[in-house]
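The values are calculated or read from the model by the stated rules, or taken from the named source; none is laboratory data. Fair warning: this is a prediction, and the values are worked out from it, not measured in the lab. Protein only, heavy atoms only, side chains kept; ligands, DNA and RNA dropped before computing areas. Shrake-Rupley method; radii C 1.70, N 1.55, O 1.52, S 1.80 Å.
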Amino acid sequence: YNASRPASERFDGVVLDVEPAEPISEAGFQALIAHYQCMRDALPPEVKLAVAVRFFWTTPVAYPAGGTVKPAYQHIQDLAIDHVIVMGY
């Protein structure tokens, strides 16, 4: 989209609000984190990325599978994300 638009009409950021069905398993969190990473990798560096997380995403997760174990939200914060929005509902 951005390549075909004048600079004043281009997107400068994207917000992802992905809400997997509860309860989220470790595999579900691994897939979600990988999705966030894939989106960051796919977006041009000048397009900012924000993600929404739920305040209770504290489940211990190995990421990548077999990797370091820490709460899911910490893995998300470790990604090259420009902003993390904490949902309080």
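Any chance you could give the angle, 0 to 90 degrees and rounded to 10, that helix 26-42 forms with the longest Cα principal axis of the chain? Once rounded, the angle reads 20 degrees. When the alpha-carbon atoms of the chain are used, the pair Rg, Dmax equals 14.4, 45 angstrom. Think of a 1.4 Å ball rolled over the protein heavy atoms: the chain then has 61 Å² of accessible area per residue.
Dividing the summed -39500 (n - 2.57) terms of all DSSP H runs of n ≥ 4 by the residue count of the chain sets its mean residue ellipticity at 222 nm at -8500 deg cm²/dmol.
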